[in-house]
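Participant: Sharing a structure, written as structure tokens. Questions coming.
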Amino acid sequence: MNIGNANGEDAIEALQAQAHIWRHAFNFVSFMSLKCALDLGILDIIHDHGKPMTITELVAALQMLNPAKACDIYRLMRILVHSDFFARQKLDTDAQEEGYVLTNSSRILLKNNPFCVTPTLKATMDPIITKPWSFLGTWFQNDDHTPFATAYGKTLWDYFTHDPQLKDLINDGLASDSQLVTSVLVDKCKGAFEGLDSLVDVGGGTGTTAKAIADTFPLMECTVFDLPNIVAGLQGSKNLKYVGGNMFEAFPTGDAILLKKVLHDWNDEGCLTILKRCKEAISSQDKVGPFRSSLKCHIRTLF
């Protein structure tokens, strides 16, 4: 494309390039429209309706809606249909009028869905979490470890100490994110746990994953290891306990160490330190699923 030429094929290519830029620049519109639908309870309202719901029925069901803004619900729903969070369906085979129905993507956001990921979505949408992205350019030019530190002058973990509400929001998000993954883990990857008497879930948060493993393997001793302020007050069970500490220093021993969404938070040096602590903590029996080896440390991925 000749940038200086606004005629013919070059003009068409320039328009396509501009459209590509606008599409990415306004991606946040779909994201925030979904947040709005969650805030208004639209997903559960349509689900509870039990059949395709017309725009008139939807507006009537939104009891807290300002009447002057009722016409804008149609615009909101157009965005959400375009983004495949909802679909339009005829009320019956002979009718011309259409109503809104859920899609697979919106069903997993329903409150009564056991695999509901709405807490995860709300955590990622929180202004405190999105603000650091605005500092990405500055971060590349300084010595901070993360853009979060550039934005707030401290790590996310330190931020938790004076904002327990954010800590709870993030923990709830991580727990909901673990529900679906864990259900697949204990159903399809049981062989990875064969022969293990103990397991330590490092950075295990409130213990969603470890609880599922402990319930599936009642003879296995499971330990959730995380920061003291994360595990404080959490109650264990017969084969599940919580231990607080610093994973860069040492953590409880076990036949296996589980790291789920941990290493991506750290640079190479931090990851190496964590893996060294893993090697130190793995017991000398060398039990890794159905395998035995003379090696003292095994690193395996489940996904």
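Participant: Given the conditions (1) modelled with pLDDT of 90 or more; (2) surrounded by 14 or more Cβ atoms within 10 Å (Cβ to Cβ), and given that Asp265 satisfies all but one, which numbered condition is not satisfied?
Facilitator: So the condition that Asp265 fails would be (1).
Participant: I've got another one for you. Looking only at segment 187-231, how many residues end up being under 29 Å from Trp157 (Cα atoms), assigned to a helix (DSSP H, G or I) and of a type in the set (A, V, I, L, M)?
Facilitator: Total satisfying the criteria: 6.
Participant: Run Arg75 past the list (1) within 13 Å of Ile55 (Cβ to Cβ); (2) at pLDDT below 90; (3) surrounded by fewer than 14 Cβ atoms within 10 Å (Cβ to Cβ); (4) not small (Gly, Ala, Ser) and report the number of the one that doesn't hold.
Facilitator: (2)
Participant: Would you call Ala210 modelled with pLDDT of 90 or more, closer than 21 Å to Arg277 by Cα, small (Gly, Ala, Ser) and crowded, with 18+ Cβ neighbours inside 10 Å? Steps first, answer last, please.
Facilitator: Details: modelled with pLDDT of 90 or more: yes; closer than 21 Å to Arg277 by Cα: yes; small (Gly, Ala, Ser): yes; crowded, with 18+ Cβ neighbours inside 10 Å: yes.
It is true that Ala210 is modelled with pLDDT of 90 or more, closer than 21 Å to Arg277 by Cα, small (Gly, Ala, Ser) and crowded, with 18+ Cβ neighbours inside 10 Å.
Participant: Residues being of a type in the set (S, T, N, Q), free of Cβ contacts under 8 Å to residues at least 40 places away in the same chain and more than 22 Å from Pro228 (Cα to Cα): count how many of those fall in segment 142-183.
Facilitator: Residues that pass the stated criteria total 4.
Participant: Now a separate question. Against the condition at pLDDT 95 or above and within 22 Å of Ala37 (Cα to Cα), how does Tyr152 come out, does it pass?
Facilitator: No, not satisfied.
Participant: Could you run through segment 246-260 and say how many residues are touching an Asp or Glu at 6+ places or on another chain (Cβ under 9 Å) and over 10 Å from Val202 (Cα atoms)?
Facilitator: Looking only at that region, the number is 4.
Participant: Just one of the numbered conditions (1) of a type in the set (Gly, Ala, Ser); (2) under 19 Å from His264 (Cβ atoms); (3) assigned by the TED database to the domain that holds Lys238 is not true of Ser176; which one?
Facilitator: For Ser176, the exception is condition (3).
Residues are listed down the side, and each one gets a yes or a no for (1) over 21 Å from Thr124 (Cβ atoms); (2) surrounded by 15 or more Cβ atoms within 10 Å (Cβ to Cβ):
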{"site": "Phe26", "(1), (2)": "no, no"}
{"site": "Val29", "(1), (2)": "no, no"}
{"site": "Ser33", "(1), (2)": "no, yes"}
{"site": "Leu43", "(1), (2)": "no, yes"}
{"site": "Met64", "(1), (2)": "yes, no"}
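Participant: Could you list, in sequence order, all residues of segment 136-160 that are more than 22 Å from the chain's Cα centre (by Cα), of a type in the set (A, V, I, L, M, F, W, C) and buried (at least 18 other Cβ atoms within 10 Å of the Cβ)?
Facilitator: Residue satisfying the conditions is Trp139 alone.
Participant: Can you say whether Phe291 is at negative phi, surrounded by fewer than 16 Cβ atoms within 10 Å (Cβ to Cβ), at pLDDT below 95 and of a type in the set (Phe, Trp, Tyr), as far as the supplied structure shows?
Facilitator: Details: at negative phi: yes; surrounded by fewer than 16 Cβ atoms within 10 Å (Cβ to Cβ): yes; at pLDDT below 95: yes; of a type in the set (Phe, Trp, Tyr): yes.
Yes, satisfied.
Participant: On to the next question. Are any of the residues in segment 87-98 among the hydroxyl-bearing types (Ser, Thr, Tyr), farther than 25 Å from Pro127 by Cα and at pLDDT 95 or above? First the steps, then the outcome.
Facilitator: So in segment 87-98, the residues among the hydroxyl-bearing types (Ser, Thr, Tyr) come out as 93.
Checking which are farther than 25 Å from Pro127 by Cα leaves us with 93.
Next, from what is left, pick out any that are at pLDDT 95 or above: none.
Checked against the condition, which is being among the hydroxyl-bearing types (Ser, Thr, Tyr), farther than 25 Å from Pro127 by Cα and at pLDDT 95 or above, segment 87-98 yields no hits at all.
Participant: Just give me the residues in segment 232-250 being within 24 Å of Arg277 (Cα to Cα) and part of a strand (DSSP E or B), in sequence order.
Facilitator: Answer for segment 232-250, where residues must be within 24 Å of Arg277 (Cα to Cα) and part of a strand (DSSP E or B): Leu240, Lys241, Tyr242, Val243, Gly244.
Participant: Looking at segment 14-133, what helices (runs of 4 or more DSSP H) fall wholly within it and have at least 1 residues that are closer than 30 Å to Thr146 by Cα and polar (S, T, N, Q)? Step through it out loud before you land on a result.
Facilitator: Values: elements: 27-40, 42-49, 55-61, 70-82, 104-107, 118-125, 127-130.
Qualifying helices (runs of 4 or more DSSP H): 27-40, 118-125, 127-130.
The values are calculated or read from the model by the stated rules, or taken from the named source; none is laboratory data. Everything quoted here is computed from the prediction, not taken from an experiment. Cβ: placed from backbone, ideal geometry, glycine included. Neighbour counts: every protein chain shown.
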